[in-house]
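*Asks:* So that we are looking at the same thing, I have put the structure below in structure tokens.
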Amino acid sequence: MTIFDERESEVRSYCRTWPAVFERAGGSWLYAENGRAYLDFFAGAGALNYGHNNPVLKGALIDYLAGDGIIHSLDMYTVAKREFLTAFDELILRPRRLDYKVQFPGPGGANAVEAALKLARKVTGRTEVISFTNAFHGMTLGALSITGSAFHRGGAGVPLAHATPMPFDPSPGSDGAPGSSWFERLLDDSSSGLDKPAAVIVETVQGEGGINVARAEWLRGLAGLCQRHDILLIVDDVQMGCGRTGPFFSFETAGITPDIVCLSKSIGGYGLPMALTLIRPDLDIWQPGEHNGTFRGVNPAFVTGTAALHAYWRDDKLERATLAKGQRIATTLTALAESVPGTVIRPRGRGLAHGLAFESGELAGKVSSAAFERGLLVETCGPQGSVIKLLPPLLVTDTELDQGLALLADATQAICLSSALKQKEVPLCTRRD
Ligand code: PLP
């Protein structure tokens, strides 16, 4: 029995999927203590967009530590925070004509979401929030109340209140229409029983929910609906922001401007904890200290976050490269889906967030394990874990991308074939599309 089995809580999870003891990392690679190399298409669930131990960010961090820079400062003014805010203003907000006040909540994505929900309720004086089917917003109680997964909701231990799920695009109830027609009908009907919500919170691409990509026209319809009904629109860009789908913010493609935006994961640049709640200036009605937390000023994360903005967001090179790599993945996954006759596999995604949806969580789980045996980390997500999620670092090379996709293809083909043979029936099932 290892110390992990003996002492670490049963709640541990990723280590069960990938039972190696990791020791070092660089770029797109993780190395176990036994020396085995793994290609990382998980990238810290989106916290490592610039790769492991990115040398540019590491240099800035080492210099900062060597110079005895401030490490912990709550929300006191520091040079590191000033430089981060200046870079964020000059390189991200102004070029996109976005005007947001920046709130540093606690360091995780759920902290950014909690702050957004509290503020929306405070501003509007309303209590209800609209979320979407298959949404994921984190594990704290407010974030859980707007999260879809019954498994995670069940862990709350108290009723999860003041939130109503609507069908996410393009699920059946959304009627395939722009806007969100079911939601619109409820809002327009004074007898629908739906109280006017404070806010709508949406992911433009649902990450944990199964890489479900909302159409730009659906998002625009939703934004219009919120505006017409005086409801605040919150985009949770915790996983899909910081360039994951191509542009810095995932909502840029749809041409919408949310009232509040949640960012975390890769905003600290180096895998260091940081979260932001971006607030339309007139909504910033917080009283000083009304929402606080000890770890809101992790200065090393300001330093690496600033270095990342300067290194990768001065122009659109990273965005274009991400879109090109995404296209490369899409082409390969489409070919892979077609190369496994008899098994329904549906590829989908945007930028460097892609998914391969299987018919069952069991099959996807086996493919993920087979990929791990071959030296590739890919996690499962979506309903019953039925979707393999590909989230490589944005700086992955084309060679690494091809290498990882080849490992995934090999794992998929091996599992689907053996699954078909087990049922003594090839092909396993009939393709639906
Ligand atoms: N929001 C989204 C869209 C996420 O994907 C996640 C985490 O995966 C969260 C919020 C919660 O972030 P954290 O785990 O840092 O609290």
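The values are calculated or read from the model by the stated rules, or taken from the named source; none is laboratory data. Note that the structure is predicted; figures quoted are calculated from it, not measured. With ideal geometry, Cβ positions are generated from the backbone for all residues, glycine too; neighbour counts draw on all protein chains shown.
*Asks:* Please find, among Ala163, Ala156, the residue that is crowded, with 18+ Cβ neighbours inside 10 Å and modelled with pLDDT of 95 or more.
*Replies:* None of the other options fit; the residue is Ala163.
*Asks:* Another question, then. Tell me whether segment 265-286 contains one or more residues that are without any contact (Cβ under 8 Å) to a residue 24 or more places away in the chain, surrounded by fewer than 22 Cβ atoms within 10 Å (Cβ to Cβ), farther than 20 Å from Leu85 by Cβ and in the same structural domain as Val205 (by TED's automatic domain parsing).
*Replies:* So far as segment 265-286 goes, no, none of its residues is without any contact (Cβ under 8 Å) to a residue 24 or more places away in the chain, surrounded by fewer than 22 Cβ atoms within 10 Å (Cβ to Cβ), farther than 20 Å from Leu85 by Cβ and in the same structural domain as Val205 (by TED's automatic domain parsing).
*Asks:* Read through the list (1) on the phi < 0 side of the Ramachandran plot; (2) assigned to a helix (DSSP H, G or I); (3) under 27 Å from the mean Cα position of the chain (by Cα); (4) touching a residue at least 24 places away in the same chain (Cβ under 8 Å), then give the number of the only condition that Leu85 fails.
*Replies:* In the conditions (1) on the phi < 0 side of the Ramachandran plot; (2) assigned to a helix (DSSP H, G or I); (3) under 27 Å from the mean Cα position of the chain (by Cα); (4) touching a residue at least 24 places away in the same chain (Cβ under 8 Å), Leu85 misses (4) alone.
*Asks:* Looking at Leu74, is it in contact (Cβ under 8 Å) with a residue 60 or more places away in the chain, within 17 Å of Leu391 (Cβ to Cβ) and not in a helix (DSSP H, G or I)?
*Replies:* no
*Asks:* I need the full set of residues from segment 111-142 which are within 21 Å of Thr380 (Cα to Cα) and buried (at least 23 other Cβ atoms within 10 Å of the Cβ), in order please.
*Replies:* Residues satisfying the conditions are Phe132, Ala135, Phe136, His137, Gly138.
*Asks:* If you take the residues in segment 40-80 that are away from the ligand (no atom under 16 Å from the Cβ) and on the phi > 0 side of the Ramachandran plot, which one is surrounded by the fewest Cβ atoms within 10 Å (Cβ to Cβ)?
*Replies:* My answer is Asp68.
*Asks:* Out of the residues in segment 338-368 that are in contact with an Asp or Glu (Cβ under 9 Å, 6 or more places away or on another chain) and surrounded by fewer than 20 Cβ atoms within 10 Å (Cβ to Cβ), state the one that is nearest to Arg96 (Cα to Cα).
*Replies:* Filtering segment 338-368 for residues that are in contact with an Asp or Glu (Cβ under 9 Å, 6 or more places away or on another chain) and surrounded by fewer than 20 Cβ atoms within 10 Å (Cβ to Cβ), the one nearest to Arg96 (Cα to Cα) comes out as Arg346.
*Asks:* Kindly indicate whether Leu309 is at pLDDT 95 or above, within 18 Å of Leu57 (Cβ to Cβ) and crowded, with 19+ Cβ neighbours inside 10 Å.
*Replies:* The answer is yes for Leu309.
*Asks:* Let me ask another. Name, by its number, the condition in (1) within 18 Å of Ala37 (Cα to Cα); (2) assigned to a helix (DSSP H, G or I); (3) of a type in the set (A, V, I, L, M, F, W, C) that does not hold for Val396.
*Replies:* Single failed check for Val396: (2).
*Asks:* In addition: Please enumerate the residues belonging to segment 285-327 that are within 21 Å of the chain's Cα centre (by Cα), of a type in the set (Phe, Trp, Tyr) and closer than 20 Å to Gly106 by Cβ.
*Replies:* Of everything in segment 285-327, just one residue is within 21 Å of the chain's Cα centre (by Cα), of a type in the set (Phe, Trp, Tyr) and closer than 20 Å to Gly106 by Cβ, namely Phe302.
Residue-wise test of (1) in contact (Cβ under 8 Å) with a residue 24 or more places away in the chain; (2) charged (D, E, K, R); (3) touching a Ser or Thr at 6+ places or on another chain (Cβ under 6 Å); (4) at positive phi.
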site	(1), (2), (3), (4)
Phe295	yes, no, no, no
Asn299	yes, no, yes, no
Ala321	yes, no, no, no
Ala324	no, no, no, no
Pro341	yes, no, no, no
Arg348	yes, yes, no, no
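*Asks:* Continuing with the same structure: Return the residues of segment 252-274 that are out of contact with any helix residue (DSSP H, G or I) (no Cβ under 7 Å at 6 or more places or on another chain) and within 13 Å of the ligand (Cβ to nearest atom); say none if nothing qualifies.
*Replies:* Correct list: Val261 only.
*Asks:* To continue, here is another question. Pairs please, first residue from segment 106-118 and closer than 17 Å to Ala199 by Cα, second anywhere and within 8 Å of the ligand (Cβ to nearest atom) and in a helix (DSSP H, G or I), Cβ atoms under 6 Å, 6+ apart in sequence or on different chains.
*Replies:* Here the result reads Ala110/Ala143; Val113/Ala143, each pair linking segment 106-118 to a residue that is within 8 Å of the ligand (Cβ to nearest atom) and in a helix (DSSP H, G or I).
*Asks:* Condition check: modelled with pLDDT of 95 or more and more than 27 Å from the chain's Cα centre (by Cα). Does Ser13 satisfy that?
*Replies:* Judged against the criteria, Ser13 is not a match.
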